[in-house]
Amino acid sequence: MAEKGTISVSTDDLFPIIKKWLYSEHDIFLRELLSNAVDAITKHHHLIITGESNHKDIKHNITVTTDSEKKTITIKDTGLGMTAEEVKKYINQIALSSAEDFVKKFKDAGQDAQVIGHFGLGFYSSFMVSTKVEIRTLSFQEGAEAVYWECDGSTSFSMDSCDKTDVGTEITLYLDKDSENFADEYSTRQTMERYWQYCPFDLKLNDNQINTEKAIWAENPSQVKEKQYKEFYTKMFPTGEEPLFWIHLNFDLPLNLRGILYFPKLTNDPNGNKGRIKLFSNQVFVTDETQDIVPPFLEMLRGVIDWPDMPLNVSRSSLQGNPKLKKIAARITKKIADKLNGLRKNNFDDYVGFWKDINPVVKIGAIQDREFYDRVKDSIIFKSANSGEWTNLSDYLERAKENHENKIYYASDEHAQASYIEMFKKQNKEVLILNSSIDPHLIQFLEYGGGGMKFQRIDSNLEDATTNADKEDSKEEQKENKQIIKLFKKSIGDKKVKIEVKELGSADIPAVVILPEHQRRLHEMQAMNLTERTFVDEYDLIINSASPLAAKLTSLDAAKKTTEVDLICKHVHDLALIGQNNFDPTKMGEFINRSNKIISILAS
């Protein structure tokens with residue numbers, strides 16, 4: 001069977017170009033050859049199951065042997081093996097199909113050319129590191145003759161029979177001077193442990209086991225215990241913290257996909273919440289640069305995605321923008337929505353506990369992805385200031401429909417707006433707490449696309465919290481109110497501040513500052529683009545006629561207590577500004593001095 005020949009390409013430029021441009025990382029050659037071995041074993045295993053191969057007792061394995069003296073590395077498998085005709089076909093022809101186009105296209109390519117996935121040249125990546133490559137192979141087919149193939153990196157090859165007796169393929173690389181480190185066991189072990197810890201078949205390097213970890217994502221989710229999920233997470237991401245919860249992916253259509261995605265506790269470091277999904281193909285690590293495989297709002301997820309149909313020789317640059325990635329991202333997004341809904345329905349207390357960490361992710365996802373919002377809208381929850389319980393907007397609106405249909409009252413600061421909340425409580429009107437930095441954007445999204453909802457912060461309009469709003473004041477009350485307004489105007493001395501007197505829902509509140517909803521939102525949006533905090537100087541100051549302080553002011557004015565009246569008016573005004581979070585801290589010294597004077601007056 002002795003034979004010599006040339007590979008089916010008409011130029012000697014081929015191998016120099018392979019050496020120069022094929023990959024940016026030369027250790028990838030080992031991944032390619034091991035991937036071919038796994039593929040050959042997988043196919044052989046299938047043929048044994050179907051009865052097409054008689055080698056039922058074969059123990060499938062892959063062995064890698066390094067020889068530091070000979071400067072060689074050998075990869076041996078128990079796969080299908082090849083006949084002489086198959087070697088000619090798969091090594092000399094198919095593996096180099098379009099080779100001439102390859103040479104023409106990439107002979108003058110730039111430094112970043114990543115082309116192997118386009119030309120099926122995986123086996124020939126071995127010539128990146130070798131001066132000579134030998135193949136010994138024996139097909140599983142009955143009566144097959146073992147084949148020896150050799151090539152020195154030129155386009156010439158020789159082929160003959162050999163004495164190999166075990167089924168499978170053995171490839172030996174004679175390493176060039178620049179790649180002799182791969183003949184060192186330690187160097188090769190590093191590469192193999194990086195990519196092959198979860199290899200589905202027994203894998204050894206110089207008789208030492210490499211694949212020591214178990215790929216639990218490849219198992220049936222019903223067979224994996226909670227402890228296993230947590231242990232796997234700890235090994236993969238040794239952060240010292242357990243995940244909140246996880247999702248086991250198990251898709252067959254339209255894409256074959258397996259994996260486990262974990263929701264971690266978020267950190268204060270934005271960079272600490274990115275790039276934690278590891279991409280595998282048939283349990284072989286490919287990359288952890290997976291920005292396109294999930295939508296941006298899920299970039300904080302950690303875990304593993306195994307995409308068997310992805311060519312292992314695909315480069316990072318060609319992975320990005322792959323049209324199948326959109327399908328994968330859509331399936332994952334739907335799976336996550338289903339998981340969130342299931343948690344909310346089946347274990348609401350746990351869901352509330354998770355919500356602190358996951359609510360920014362869910363809310364951003366709702367804003368960015370309408371389909372995601374439609375799926376999870378009932379799982380977006382808010383705390384009720386009235387009951388302390390958590391509720392979604394649908395249930396809130398159902399409870400409130402007789403009092404204020406499609407209107408949602410909310411507070412952005414439960415403590416600073418406590419007095420406002422109290423007024424609404426006394427009117428039996430429920431207030432939700434929307435205090436996330438994302439909530440203003442969520443409100444805008446929901447008002448424009450959420451089915452006619454209207455949001456109103458409780459300190460933007462007090463008509464709904466005012467007692468006897470339609471009641472007409474008596475002439476005596478009108479006179480007192482005018483006097484109170486006069487006193488405040490004189491004390492404050494700011495014509496931009498509009499002063500009114502109304503009966504509020506609680507006698508404990510002397511005054512409140514009101515900023516109309518549209519004006520407040522505009523100010524907040526503008527403030528987001530400024531480095532320094534700005535304060536609204538046009539607003540309404542509402543003096544509470546139900547407060548004893550109002551009557552006290554008129555009596556002090558009648559008694560010519562001008563200093564006390566001025567102190568009280570200014571102090572009430574500043575306290576109302578503080579309650580609205582609109583107090584300029586540069587005036588804090590004045591506020592403290594005035595407070596001390598008031599205390600001195602009270603003490604005397």
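Please treat every number below as a calculation from the coordinates, not as lab data. On a predicted model such as this, the values are computed, not experimentally measured, just so you know. Here the Cβ is made from the backbone with ideal geometry for all residues, glycine too, and neighbour counts use every protein chain on show.
Couple of notes before you dig in:
- Summing Cβ point charges (Lys, Arg +1; Asp, Glu -1) relative to the Cα centre of region 361-463 gives a dipole of roughly 60 debye.
- Residues of type lysines that residue 326 reaches as a straight line, Cα spacing below 27 Å, ignoring anything fewer than 8 places off in the same chain: 265, 274, 278, 334, 335, 339, 363, 377
- Pairwise Cα inverse-distance average, inverted: Kirkwood Rh of region 301-421 (Å): 17.3
- Loop-located GluC sites (Glu not before Pro) in region 141-198 (DSSP state other than H, G, I, E, B) with a sparse environment of at most 11 neighbouring Cβ atoms within 10 Å: 142.
- Proxy reagent accessibility, fewest Cβ within 10 Å first, across 439, 540: 540, 439
- For region 361-463: rounded, prolate or oblate by the Cα gyration tensor [a/c cutoff 1.5]: prolate
- Relative contact order of region 369-428, taken over Cα pairs closer than 8 Å and 6 or more residues apart, is 21 percent.
- For residue 410, distant residues with modelled amide H under 5 Å away: 432, 456, 457, 458
- Computed 3J(HN,Hα) for region 226-239, one whole-Hz value per residue from the Karplus formula 6.51 cos²θ - 1.76 cosθ + 1.60 where θ = phi - 60°, is 4, 4, 5, 4, 5, 5, 4, 4, 5, 5, 6, 9, x, 8, glycine and proline marked x.
- Computed from phi, the 3J(HN,Hα) profile of region 212-224 under the Karplus parametrisation 6.51, -1.76, 1.60 (θ = phi - 60°) reads 8, 9, 9, 7, 5, 5, 7, 8, 5, x, 5, 9, 9 Hz, with x in place of Gly and Pro.
- Annotation: amide H-H contacts under 5 Å for residue 511 (H modelled 1.01 Å from N, sequence separation of 5 or more, or interchain): 544.
- Ranking 248, 126, 179 by Cα position along the charge dipole of region 118-248, where only Lys, Arg, Asp and Glu carry charges on their C-beta atoms, puts 248 farthest toward the positive end.
- Karplus-derived 3J(HN,Hα), 6.51/-1.76/1.60, for each residue of region 164-173, Hz, glycine and proline x: 5, 10, 9, 5, x, 10, 10, 10, 10, 10
- Under a 5 Å amide H cut-off, with hydrogens placed 1.01 Å from N, residue 203 pairs with 62, 210, 211 among residues at least 5 apart or on other chains.
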